[in-house]
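Beneath this line is the structure, given in structure tokens, with notes to follow.
The values are calculated or read from the model by the stated rules, or taken from the named source; none is laboratory data. What you see is a predicted model; the values in this text were computed from it and never measured. Heads up, the Cβs are rebuilt from the backbone with ideal geometry, glycines too, and the neighbour counts pull from every protein chain shown. With ligands, DNA and RNA removed, areas are computed over all heavy atoms of the protein, side chains included. Shrake-Rupley method; radii C 1.70, N 1.55, O 1.52, S 1.80 Å.
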Amino acid sequence: MVLLFATLGLLWFILCRDLSLEWSSNEQYSYGWFVPFFALFLFWLRFEDAGHLRSGYRLSVNGSLDSAGTAPAITNNQQLITIGAIIGLAMIAPIRLFEYANPDWRPLSWGHVLAVVGLTLLVIGYWGGRKAVRHFAFPVCFILVAVPWLTPIEAPLVQWLMRLVASVATETLTLFGIPAQLEGSLIRVNNGVVGVSEACSGVRSLQTSLMIGLLFGELKRLTIARRVALVAAALTIALFANFGRALFLVWIAATQNLAAVERWHDIAGYAIVGAVFVGTVALASWLAGQVRSQNEEGRSDQGKGKCQKEELRSSAELTTDLRSLSPTIATSGRHARLYIFRLPPSSFLLLTFSWLLFVEAGVTTWYRWHERNFVPTTAWSVRWPEDAPGFRELPIADNVRTTLRYDSGREGAWQTILATPPDQQPAPATVTMFFFRWEPGSTSILRARAHRPDICLPNTGWRVANDEGVRWYEAAPGLALPFRHFSFVREATPGRQVFAHAFFCQREDRVPPRAADRFDVTAGETSDWMRNDRVRVVREGLRNQGQQVMQLVLLSKQELSAEEAQTEFAALVPGLVMSEGKR
């Protein structure tokens, strides 16, 4: 039994440790920290209620002898379970190999959690048969609510919710006589512009409400239909509460100022969680009360007596059967529930535990072996143009700081004049730039990629006009850096557009020798920087060796071609980047 708990414990510990990277870095999934403890508690409640599982009560205390004192034969089902467990354990090795370098790759997280859940259910099936699997399936599968959604599902939903929330808030304010104008997911009021960000889209409250609805449906042991109704009600409460939150914050901005919005932002967010929790608990209690009332009304006195007699007879038969197995078996209900089922063979558990340790050691060795000859890249940092016209330091939002968790970072803006032909008037432009630095081993690639222009600018009303690809720019003597170039456009007012060109660079501190002149996760051949680069970092054994990102955005009312924007950026880079030599 100790070996079984140790094996399952190691399996689940590795899974939760990897999922915790997302729980820590993404506020949207911060509720995930509670899910493993809820799942363990629900499992314990199910275990306490497992007395009716009698499929294997013919086995003795150690689960290896039947009532005749001989070793029970292994059934075909148990052979299939063993084969399934071997397949699941074999899947763990490639999943862990990719997770070390790609902890933010969500398909891997789903593959990992499905493998662990499947292995756990197979062990339960070996232990107690199909009845036990059905009985314990919910608490084992509860961890699925804490797994990050796949990006093709989550991203469109977030964008749709952001626009829906902003639209509802704008229309409601207009009905109450408060001037408001919708610009994508931005709401312009008389005191400024309020943005409905990803955190304010409502998807976080929807995911949290899904967890709460499922949790209390299980605690109250509701029927499937009532659980579906409870989850739907929790999602509805979360959606309307988020509408109210957005409306309240925009109203604060319109009647007070934008600084007041920051003060109320988090309080309003916690209020949504509180409303969902209280509403779901109240509805779950009401549904459970309805079930009890129906059962009491439909049960006659004669039926009660019959049920009591059948329960006593069943209990007596169970006790007699248990005593007939072995003189050493305990007769108390709790001990009977604990020992009446078959345990997997100790040799198989020992091999499984050893395999998990071997996989972890082997994957670590793979990356360390590849990293032994890594060469350092040229160290560089940013020189901020504090003497430039209109230079000002921009405050970094708390949610950005919490999500990225960089070791050092800064953001600023200043004014510049674009180069124009002699026969045209000089074109003013605004330059915004940020620079973030992560030390080796301090975080994953996820956080460095979470503030890219193609992710963040569309959330503030910008539309991607084109992806111009990657180009190398001379930043200092002997130092060239690759920047990915995106162009954006936004409707400032009806009939008037504003244009932006964003240049983004992410660089690693140490890279493989043959890749020293070319390797960069932003310089891959794929347009989404995902699949080919993710496979390449595993093949080349590259983990986070320390990294930094720089982004510069040119904003102007005058439309620039890609070539003109690249020429302007090439002239700016040498004055902004300074080389610090080899690391």
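Figures for the structure shown
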{"read-out": "Some residue of the stretch 327-346 being open to solvent by 50 Å² or more (accessible area, probe 1.4 Å), closer than 29 Å to I81 by Cα and either touching a Lys or Arg at 6+ places or on another chain (Cβ under 8 Å) or modelled with pLDDT of 60 or more (or both)", "value": "yes"}
{"read-out": "Filter pass, R401 being open to solvent by 40 Å² or more (accessible area, probe 1.4 Å), in a helix (DSSP H, G or I), closer than 28 Å to V511 by Cα and modelled with pLDDT under 85", "value": "yes"}
{"read-out": "Selected residue (criterion: most open to solvent (accessible area, probe 1.4 Å)) from residues of the stretch 365-398 that are of a type in the set (D, E) and farther than 24 Å from Y473 by Cβ", "value": "E393"}
{"read-out": "Pairs with Cβ under 8 Å, 6+ apart, first in the stretch 378-400 and small (G, A, S), second exposed (fewer than 15 other Cβ atoms within 10 Å of the Cβ) and part of a loop (DSSP other than H, G, I, E, B)", "value": "A379/R583"}
{"read-out": "Selection count where residues are aliphatic (A, V, I, L, M), at pLDDT below 80 and open to solvent by 20 Å² or more (accessible area, probe 1.4 Å), scope the stretch 410-460", "value": "4"}
{"read-out": "Residue under evaluation L173, criteria (1) open to solvent by less than 40 Å² (accessible area, probe 1.4 Å); (2) part of a helix (DSSP H, G or I); (3) closer than 19 Å to L210 by Cα, criterion not met", "value": "(3)"}
{"read-out": "Scope the stretch 468-496; condition modelled with pLDDT of 90 or more, under 30 Å from L182 (Cβ atoms) and hydroxyl-bearing (S, T, Y); matching residues", "value": "S487"}
{"read-out": "Which numbered condition W149 misses (of (1) buried (at least 19 other Cβ atoms within 10 Å of the Cβ); (2) of a type in the set (F, W, Y); (3) under 25 Å from N26 (Cα atoms))", "value": "(1)"}
{"read-out": "Contacts under 6 angstrom Cβ, first residue in the stretch 336-360 being among the acidic types (D, E), partner part of a helix (DSSP H, G or I) and at pLDDT below 65, 6 or more apart", "value": "none"}
{"read-out": "Matching entry among A259, A271 (being at negative phi, open to solvent by 50 Å² or more (accessible area, probe 1.4 Å), assigned to a helix (DSSP H, G or I) and at pLDDT below 75)", "value": "A259"}
